[in-house]
1. Looking at segment 157-198 only, could you name the residues that are surrounded by 14 or more Cβ atoms within 10 Å (Cβ to Cβ), in a helix (DSSP H, G or I) and without any contact (Cβ under 8 Å) to a residue 40 or more places away in the chain?
2. Run Ser215 past the list (1) closer than 27 Å to Ala98 by Cα; (2) of a type in the set (S, T, N, Q); (3) open to solvent by 20 Å² or more (accessible area, probe 1.4 Å) and report the number of the one that doesn't hold.
3. Being at pLDDT below 90 and among the basic types (Lys, Arg) is the filter; apply it to segment 18-56 and report the residue that is most open to solvent (accessible area, probe 1.4 Å).
4. Of all the residues that make up segment 126-156, how many are open to solvent by 30 Å² or more (accessible area, probe 1.4 Å), closer than 23 Å to Gly89 by Cα and modelled with pLDDT of 90 or more?
5. Can you tell me how many residues within segment 88-106 are open to solvent by 10 Å² or more (accessible area, probe 1.4 Å) and touching a Gly at 6+ places or on another chain (Cβ under 8 Å)?
6. Do you know which residues across segment 227-260 are among the basic types (Lys, Arg), surrounded by fewer than 16 Cβ atoms within 10 Å (Cβ to Cβ) and under 14 Å from Tyr207 (Cβ atoms)?
7. Might you let me know whether segment 222-236 holds any residue that is in contact with a His (Cβ under 8 Å, 6 or more places away or on another chain) and modelled with pLDDT under 95?
8. Take Ile241 and decide whether it is part of a strand (DSSP E or B) and within 16 Å of the chain's Cα centre (by Cα).
Amino acid sequence: MICYVREKIMDVLKNAYPDDYQKYSGFYLHMDFKQCTQCARYRYEDRKITVSTLSRKPGAVFLSILLKLAEHIDIRQRSETHYDEVYLGIIRRLLDAALMRGIVQNTDLYSMGDKFVNALQRKYGSFKNWRYQEDIAPDNVYVRVYDAIMIHNILRHNDYKYDADQMCWVKKIVLPDPVEELFIHEYELQADFRVINTNKFIITPVYLINLITYSKDHADYLKSLNYRCDRNQKHYWLKPIYASDYEKEISFLNEVPKQKIFITKNQNKR
C-alpha cells in the first residue's frame, strides 16, 4: 500500500512543483496503524511524514499527508515553517494539483479540520466554488483481486503482488492491455477482480485486532464474529479488519469481558 500512496503523493508534487520536484521529493512516508489523536506528524530531522489511517476515509488520509508535505516544502524554502500566508499558499498549490488530477474531491477538503478549513476558505473562498476540470485519464490502472485463495498461485505467476496492508493481490498496468484483459476475463468467476481506472485516491487498509480476554463463556460469540483463537496464547483472539470498520468492530466487543484491545499491522502472507 505504501508504494501506491507515495505514487499518488508524488503525482501531486510533480504537478504542483514541476521545476522543484527533485528538491522537495526527499522525504519518507510511514503509515501508522495506531488510534492517534494527531492524524499526521512530520519530523524534519529525518524528513519523515507519518500518517494514521485507522478509522479514517481515504480522502482524509491523503489530505493529512498533503498538509505535512506543505510543512516539508515550507522548511525547504525558508529553513523554517510558520502558520502564515506563505504556508497557506503552499497548501493551496498542493490542493489545486490534487483536485485537478481528480485524486481528491471538494467534499474531502472539509476533513482537514476547522483550523485549515476556515483559514483556506477565508483566504480563497468557499470550497464549493473551487472548480476544476474532472475526468483526467489516469496514467496507470490498478487491478486488485480479493477473495483469490483458489487462484493465488496463478496470480503470483502472472506478476501480481500480495498486499497484506490491503489484503488483496495488486498489479499495475497501462491500458489498453489485451493480454491482461483476457486474463481477467478468464478468471473473473474465481475471484473478485476490481479494476481501478480512475485517479481518485482509493485505499482499504487492513489491520489485525488483538483481543485479550480470559472469558471462556464468550468463545462462541467471538467465533461468530470470525475471531480466531491464537494457538500459542489461548486468551488471545485475532481478527483482520478494514480500518474503516474499527469503530463498528469495537462496539461488537463491548459485552465481552476483556483486559486489553490493541491493533497491529496485518501480517497475512500469501
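1. Within segment 157-198, Glu180, Glu181, Phe183, Tyr187 qualify.
2. (1)
3. Lys34
4. Of the residues in segment 126-156, 3 are open to solvent by 30 Å² or more (accessible area, probe 1.4 Å), closer than 23 Å to Gly89 by Cα and modelled with pLDDT of 90 or more.
5. 1
6. Across segment 227-260, the qualifying residue is only Lys248.
7. Scanning segment 222-236 turns up no residue that is in contact with a His (Cβ under 8 Å, 6 or more places away or on another chain) and modelled with pLDDT under 95.
8. yes
The values are calculated or read from the model by the stated rules, or taken from the named source; none is laboratory data. Please read all numbers here as calculations on a predicted model, not as lab measurements. Please note: Cβ atoms are built from the backbone with ideal geometry, for glycine as well, and neighbour counts cover all protein chains shown. Note: areas computed on protein heavy atoms with side chains; ligands, DNA, RNA excluded. Shrake-Rupley method; radii C 1.70, N 1.55, O 1.52, S 1.80 Å.
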